[in-house]
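Asker: Encoded as structure tokens, here's the structure I'll be asking about.
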Number of protein chains: 2
Amino acid sequence: MIVRDENQLKGTDRAVSDADWTSVRMLLADDNMGFSFHITYLKAGSEHTFHYKNHFESVYCMSGKGSITDLATGETHEIKPGVMYALDQHDKHTLRAEEELVMACCFNPPVTGKEVHREDGSYAAPDEAA
Amino acid sequence: MIVRDENQLKGTDRAVSDADWTSVRMLLADDNMGFSFHITYLKAGSEHTFHYKNHFESVYCMSGKGSITDLATGETHEIKPGVMYALDQHDKHTLRAEEELVMACCFNPPVTGKEVHREDGSYAAPDEAA
């Protein structure tokens with residue numbers, strides 16, 4: 001059994017940040033769960049375009065307010081506590097945080113922790129990132 | 001892209017309950033994400049012994065207070081917001097809710113939605129439950 005406290009991971013190399021977001025990696029590929037699990041904080045006023053070509057991701061809103069636009073269809077959905085989106089088609093999307101968003105995210109295949117967002121908004125596939 | 005609002009799933013067949021818990025199935029096997037994702041509410045004062053012999057599960061505490069005991073080692077860990085446990089060894093465990101616990105849970109393989117907890121605390125494997 002693995003037990004981890006998010007509050008103890010902040011400030012370690014399991015908390016990855018750029019100017020507009022922080023992601024605390026609670027589970028990564030080497031935990032051998034078959035998925036990874038992250039708590040991600042998106043700064044109020046920020047906007048993010050991602051395209052996980054090599055991963056499925058689900059994102060559940062724990063707190064905050066924003067929206068997501070599916071860039072294939074142009075549809076926009078409200079993000080608020082209790083709303084989840086799942087990128088089952090590797091959907092390219094833009095996420096906007098009107099207020100700080102706190103999101104619980106699962107990735108399959110699991111993120112290794114070594115990925116960076118590439119220019120096209122994707123993460124490398126696990127074999128490229130290893 | 002799948003978008004679901006937990007508040008709209010309550011009261012539907014995606015919200016499964018017994019006397020002491022309710023689990024809202026945000027993603028199930030037929031969503032083809034390779035994992036399932038559930039928001040689970042455990043009643044204050046309740047105690048649960050589970051043994052997912054056929055699944056890996058991670059559980060992140062969003063609110064509430066309680067504890068988990070690893071029945072193989074006897075170790076007990078505090079559960080509070082920000083704490084996650086991951087049953088990477090299919091660990092048999094007892095979970096206690098001192099206050100109502102609200103937990104974000106991921107299962108691999110994904111739960112089909114047809115499983116029931118069996119006498120031994122497990123869920124059937126996907127091929128048995130299908």
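Asker: Name the residues of segment B:1-30 whose accessible area falls by at least 10 Å² when all protein chains are present instead of the chain alone, probe 1.4 Å?
Answerer: Correct list: B:Met1, B:Ile2, B:Val3, B:Arg4, B:Asp5, B:Glu6, B:Asn7, B:Met26, B:Leu27.
Asker: Out of the trypsin sites (Lys or Arg not before Pro) in segment A:26-90, which ones are loop residues according to DSSP with at most 14 other C-beta atoms within 10 Å?
Answerer: Here the sparse-neighbourhood loop sites are A:Lys53.
Asker: If you roll a 1.4 angstrom probe over the protein chains with everything in place, what fraction of the accessible area of the protein assembly as shown belongs to carbon and sulfur, to the nearest %?
Answerer: C and S fraction of accessible area: 45 percent.
Asker: Sorted from shortest, what are the nm distances separating the label point of A:Ser17 from equivalent points in the other copies, each placed 7 Å from Cα along Cα to C-beta?
Answerer: 4.2
Asker: Considering the options B:Ser46, B:Ala125, B:Val16, tell which one lies farthest towards the positive end of the dipole of chain B, charges being +1 on Lys and Arg and -1 on Asp and Glu at the Cβ, about the Cα centre.
Answerer: So the residue we want is B:Val16.
Asker: Then there is this: Mean shadow of the protein assembly as shown, computed from the convex hull of its alpha carbons, in nm²?
Answerer: Across all orientations, the protein assembly as shown yields a mean hull projection of 13.6 nm².
Asker: Counting only heavy atoms of the protein chains, get the accessible area per residue of the protein assembly as shown (1.4 Å probe) and round it to a whole Å² value.
Answerer: 43
Asker: With charges only on Cβ, +1 for K and R and -1 for D and E, what is the dipole size of segment B:23-108 about its Cα centre, in debye, rounded to 20?
Answerer: It comes to approximately 120 debye.
Asker: Can you list the distances in nanometres, one decimal and ascending, from the A:Arg118 label point to the identical position in each other copy, with the point 7 Å along Cα to Cβ?
Answerer: Spelled out, the distances from A:Arg118's label point are 4.3 nm.
Asker: GluC sites (Glu not before Pro) within segment A:42-130: which are DSSP loop residues with at most 16 other Cβ atoms inside 10 Å?
Answerer: Those that pass, being in a loop and sparsely packed, are A:Glu75, A:Glu98, A:Glu99, A:Glu100, A:Glu119.
Asker: Measuring label to label, 7 Å along Cα→Cβ, what does A:Val3 give against each other copy in nm, shortest first?
Answerer: Copy-to-copy label distances for A:Val3: 3.9 nm.
Asker: Rounded, prolate or oblate: which fits chain B, taking a ≥ b ≥ c as square roots of the Cα gyration tensor eigenvalues, rounded meaning a/c under 1.5, else prolate when a/b beats b/c?
Answerer: oblate
Asker: What aspartates and glutamates does B:Lys53 reach when the alpha-carbon gap must be under 17 Å and sequence neighbours fewer than 8 apart in one chain are set aside?
Answerer: Cross-link targets: B:Asp70, B:Asp88, B:Asp91, B:Glu115, B:Glu119, B:Asp120, B:Asp127, B:Glu128.
Asker: Taking θ as phi - 60°, what are the ³J(HN,Hα) couplings along segment A:49-57 by the Karplus curve (6.51, -1.76, 1.60), each to the nearest whole Hz, with x for Gly and Pro?
Answerer: So the Karplus estimates, Gly and Pro as x, are 10, 10, 8, 7, 5, 10, 9, 8, 9 Hz.
Asker: Below 8 Å between Cα atoms, with a sequence gap of 6+, how large is the relative contact order for segment B:31-130 in percent?
Answerer: For segment B:31-130, the relative contact order is 41 percent.
Asker: Please enumerate, by chain and number, the aspartates and glutamates with C-alpha under 16 Å from the C-alpha of A:Lys43, excluding those fewer than 8 residues away in the same chain.
Answerer: Straight-distance partners of A:Lys43: A:Asp18, A:Asp20, A:Glu98, A:Glu99, A:Glu100.
Asker: Follow-up question, since we're still on this one. Kindly compute the accessible surface that chains A and B hide from a 1.4 Å probe when together, both sides summed, and give it to the nearest 100 Å².
Answerer: By this definition, chains A and B bury close to 3100 Å².
Asker: Could you tell me the distance between the Cα centroids of segment B:37-52 and segment A:13-39, to the nearest Å?
Answerer: 24
The values are calculated or read from the model by the stated rules, or taken from the named source; none is laboratory data. As the structure is a prediction and not an experimental result, all values here were calculated from the model. Cβ coordinates were reconstructed from backbone atoms using ideal geometry, including for glycine residues, and neighbour counts include every protein chain displayed. These area figures cover heavy atoms from the full protein model, side chains too; ligands, DNA and RNA do not enter into them. Shrake-Rupley method; radii C 1.70, N 1.55, O 1.52, S 1.80 Å.
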